[in-house]
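Below: the structure, in structure tokens.
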Amino acid sequence: MPLSARGVSVRFGGLLALHEVSLTVEVGQKVGLIGPNGAGKTTMFGVLSGHLKPFRGEVFLEGRRITQLPPEARARLGVVRTFQVPRPFPGLTVFENVLVFARFSGRSQDPEASAWRALEGVGLEKWAEAWVEGLNVAQLKRLEVARALAAEPRYLLLDEVFAGLNPVEKAALAERIEALTRDWGLGLLLVEHDLKTVFRLAQWVYVLSFGSLIAEGPPEVVARDPKVIEVYTGGVV
Amino acid sequence: MKERGLLWLLFALLLILPPFLDEYLRHLLVSSLTLALLAVGWNLLGGFAGQVSFGHAAFFGLGAYGAGILSKAGLDPWLALFLGGGVAFLGSVVALPILRLHGAYFALAMLAYAEVLRTLAILLEGLTGGAAGLFSIPGLYLPGVDFGAKLANLYVILGLLLVGVGVAFRVRYGPLGLGLAALGEEEAARAGGVPVFRLKAQALFLSAFFSGLAGAFQALYIRFLEPPYAFSLEWSVYPLVASFLGGRGTVVGPILGTLGLYLGAELGVKQVLERGYHIATGALVVLVVLFLRRGVFGFLEGRYAVVRPRG
């Protein structure tokens with residue numbers, strides 16, 4: 001029973017940002033979405049989370065058409081995203097930031113417990129009482145993940161949570177995400193610039209280029225696909 | 001610095017002091033507490049929900065005219081007082097589409113709304129008495145209590161303020177306040193399931209009711225209304241400035257801001273600068289906005305880093 005997009009097209013004025021893209025994320029599956037800058041990854045994300053409406057195509061959640069549902073309704077159905085540039089709620093503590101998602105997603109029996117579990121999941125529990133303004137970039141990235149987890153999602157959409165992290169932080173976060181998807185039984189969609197991390201984490205990878213899907217498959221197959229190599233190297237290699 | 005403790009201290013002082021004050025000081029307190037209630041109302045929307053309104057005169061005026069007209073029509077003034085708040089609430093239902101706007105557009109649309117209502121109050125002569133105004137509004141009444149004196153009125157407005165503060169406190173430290181606090185990042189809030197529009201609407205309704213209640217009390221206190229007074233820009237600007245000064249988005253901030261601004265002007269600055277005292281108040285506001293972005297109480301709260309409980 002997946003989260004899926006079918007034949008989705010998005011236009012920004014004269015620019016076709018996505019052209020008939022279809023993809024599927026199953027519960028318990030880790031899926032990567034890669035592509036060069038401007039390929040349409042974050043746009044696809046917006047379509048799945050409800051922040052953007054496609055002009056053609058549909059989004060389905062477990063057989064139900066949710067294309068027109070706003071983000072808050074999708075969050076309550078268990079589709080929760082993070083933002084590429086962290087967007088903490090200013091004036092709130094780290095714990096309160098996470099509690100917002102736990103409480104308002106309406107998916108948790110005990111929002112406070114969910115919030116704590118999410119903070120522990122990403123290793124931010126020591127910072128719970130701190131004002132969010134005091135966090136550094138790596139912590140803000142983890143806060144994004146913690147907030148999404150606190151909503152008790154079935155489908156977790158992570159938008160470049162590894163960007164801006166150093167290799168040690170990257171490895172630590174990757175490890176946590178891997179454990180979380182396994183323990184929590186989530187469907188994971190990972191939009192990422194860093195191919196190494198995606199190929200390591202994902203079981204299935206979609207590749208976008210100029211708004212179109214150019215390849216999909218298991219990471220080891222996609223990594224050898226000549227079309228994929230070409231868009232990443234400009235045909236030099 | 002615990003907000004609840006400060007509030008209790010403030011209310012205890014306001015309860016104990018008045019019998020020892022003269023009529024003039026009591027009058028100043030009645031006026032400042034009316035403004036404080038308006039500021040508490042404004043802050044529910046402008047502070048907690050971050051929707052800065054330039055037009056709360058709309059709700060103040062609606063409350064004033066609602067109570068004035070109903071009391072004059074023979075309704076019990078006490079009932080008219082609360083129905084005045086109800087009329088302002090209805091006015092906020094009409095204003096709901098304005099909530100779709102953001103920032104300056106929202107602020108200006110609210111300003112326009114108050115202006116429209118002021119004009120309507122002039123035009124609907126049969127109902128409001130038009131430009132000539134509404135005279136001899138029957139004031140509050142209790143057997144054996146002299147409402148001609150200031151003391152009884154002072155305790156009424158203190159009681160109303162207590163109710164307003166009680167609601168504001170519950171909002172700030174409850175689930176609604178948590179959701180409203182997240183509106184600073186609307187897209188992220190929606191991603192977490194926060195029903196942005198619904199929460200803003202709830203804040204607007206409460207805000208309008210208490211601002212209207214302040215207007216209703218004022219109408220029954222001074223027992224005379226005219227459109228330029230009831231919908232005066234002052235009712236829009238005062239609560240805004242007082243909240244910024246005292247600490248927008250805190251419960252006690254708008255009250256401290258109002259008392260400081262009003263009593264400071266009447267008892268302090270005006271004694272020295274009889275004319276042009278607004279220059280001093282203006283300078284103070286500029287300084288606060290420049291150096292204490294979160295207002296006086298907001299600054300103290302941040303400084304002593306109170307981590308707030310969330311019920």
Filtering the stretch A:40-68 for residues that are part of a loop (DSSP other than H, G, I, E, B) and over 20 Å from A:Leu188 (Cα atoms) leaves a count of 4
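Restricting attention to the stretch A:178-190, and to residues there that are small (Gly, Ala, Ser) and more than 13 Å from the chain's Cα centre (by Cα), which single residue is nearest to A:Arg81 (Cα to Cα)? Talk me through it step by step, then tell me what you get.
Going through the stretch A:178-190, the residues small (Gly, Ala, Ser) turn out to be A:179, A:185, A:187.
Narrowing the set further to residues that are more than 13 Å from the chain's Cα centre (by Cα) leaves A:179, A:185.
Numbers: A:Ala179: 18, A:Gly185: 16 Å.
Step by step, filter the stretch A:178-190, then rank; the result is A:Gly185.
Table: residues versus (1) among the small types (Gly, Ala, Ser); (2) more than 15 Å from the chain's Cα centre (by Cα).
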position	(1), (2)
B:His27	no, yes
B:Ala64	yes, no
B:Gly68	yes, yes
B:Asp76	no, yes
B:Gly85	yes, no
B:Val93	no, yes
B:Gly103	yes, yes
B:Glu115	no, yes
Looking at A:Leu69, A:Leu18, A:Leu3, A:Leu33, which one is within 14 Å of chain B (Cβ to nearest Cβ) and surrounded by 15 or more Cβ atoms within 10 Å (Cβ to Cβ)?
A:Leu69
Can you tell me which of B:Gly159, B:Gly166, B:Gly212, B:Gly184 is buried (at least 18 other Cβ atoms within 10 Å of the Cβ) and either within 13 Å of chain A (Cβ to nearest Cβ) or assigned to a helix (DSSP H, G or I) (or both)?
B:Gly212
Just one of (1) surrounded by 19 or more Cβ atoms within 10 Å (Cβ to Cβ); (2) modelled with pLDDT of 95 or more; (3) within 14 Å of another protein chain (Cβ to nearest Cβ) trips up B:Gly247, so point out which.
(2)
Is at least one residue of the stretch B:253-268 more than 20 Å from the chain's Cα centre (by Cα) and assigned to a helix (DSSP H, G or I)?
yes
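Kindly check whether there is at least one residue in the stretch B:15-31 that is of a type outside the set (D, E, K, R), without any contact (Cβ under 8 Å) to a residue 24 or more places away in the chain, outside any helix (DSSP H, G or I) and closer than 29 Å to B:Leu142 by Cβ. Show your work before the answer.
Initial filter on the stretch B:15-31 (of a type outside the set (D, E, K, R)): B:15-21, B:24-25, B:27-31.
Those left that are additionally without any contact (Cβ under 8 Å) to a residue 24 or more places away in the chain: B:16-17, B:20-21, B:24-25.
Going one step further and asking which of them are outside any helix (DSSP H, G or I), we end up with B:17, B:21.
From the residues that got through so far, the ones that are closer than 29 Å to B:Leu142 by Cβ too are B:17, B:21.
Checking the stretch B:15-31: at least one residue is of a type outside the set (D, E, K, R), without any contact (Cβ under 8 Å) to a residue 24 or more places away in the chain, outside any helix (DSSP H, G or I) and closer than 29 Å to B:Leu142 by Cβ.
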Some residue of the stretch B:121-131 being within 24 Å of B:Glu226 (Cα to Cα), surrounded by fewer than 14 Cβ atoms within 10 Å (Cβ to Cβ) and of a type in the set (D, E, K, R)
yes
Tell me yes or no: at least one residue of the stretch B:275-289 is modelled with pLDDT of 75 or more, in contact with an Asp or Glu (Cβ under 9 Å, 6 or more places away or on another chain) and not aromatic (Phe, Trp, Tyr).
no
Name the pairs whose Cβ atoms lie under 9 Å apart, with the first residue in the stretch B:139-166 and in contact (Cβ under 8 Å) with a residue 60 or more places away in the chain and more than 16 Å from B:Ala12 (Cα to Cα), the second part of a loop (DSSP other than H, G, I, E, B) and of a type outside the set (D, E, K, R), and 6 or more positions between them or separate chains?
B:Gly139/B:Phe147; B:Gly139/B:Gly148; B:Leu140/B:Phe147; B:Tyr141/B:Phe147; B:Lys150/B:Leu21; B:Asn153/B:Gly139; B:Asn153/B:Leu140; B:Asn153/B:Phe147
Return the residue satisfying two criteria in turn: it lies in the stretch A:191-222 and is over 20 Å from A:Gly28 (Cβ atoms) and modelled with pLDDT under 90, and of such residues it is farthest from the chain's Cα centre (by Cα).
A:Lys196
Filtering the stretch B:69-117 down to residues that are under 21 Å from B:Gly129 (Cβ atoms) and β-branched (Val, Ile, Thr), which residue is surrounded by the fewest Cβ atoms within 10 Å (Cβ to Cβ)?
B:Val116
Taking the stretch B:187-209 and keeping only residues that are in contact with a Phe, Trp or Tyr (Cβ under 7 Å, 6 or more places away or on another chain) and either more than 8 Å from chain A (Cβ to nearest Cβ) or in contact (Cβ under 8 Å) with a residue 60 or more places away in the chain (or both), one is left with B:Ala203, B:Phe205, B:Ser207, B:Ala208, B:Phe209
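Return yes or no: is A:Leu190 within 26 Å of A:Gly38 (Cα to Cα) and out of contact with any helix residue (DSSP H, G or I) (no Cβ under 7 Å at 6 or more places or on another chain)?
Judged against the criteria, A:Leu190 is not a match.
The values are calculated or read from the model by the stated rules, or taken from the named source; none is laboratory data. Computed from a prediction, not measured in an experiment: that's the story for all the values here. Positions of Cβ are generated from backbone atoms using ideal geometry, with glycine treated the same way; all protein chains shown enter the neighbour counts.
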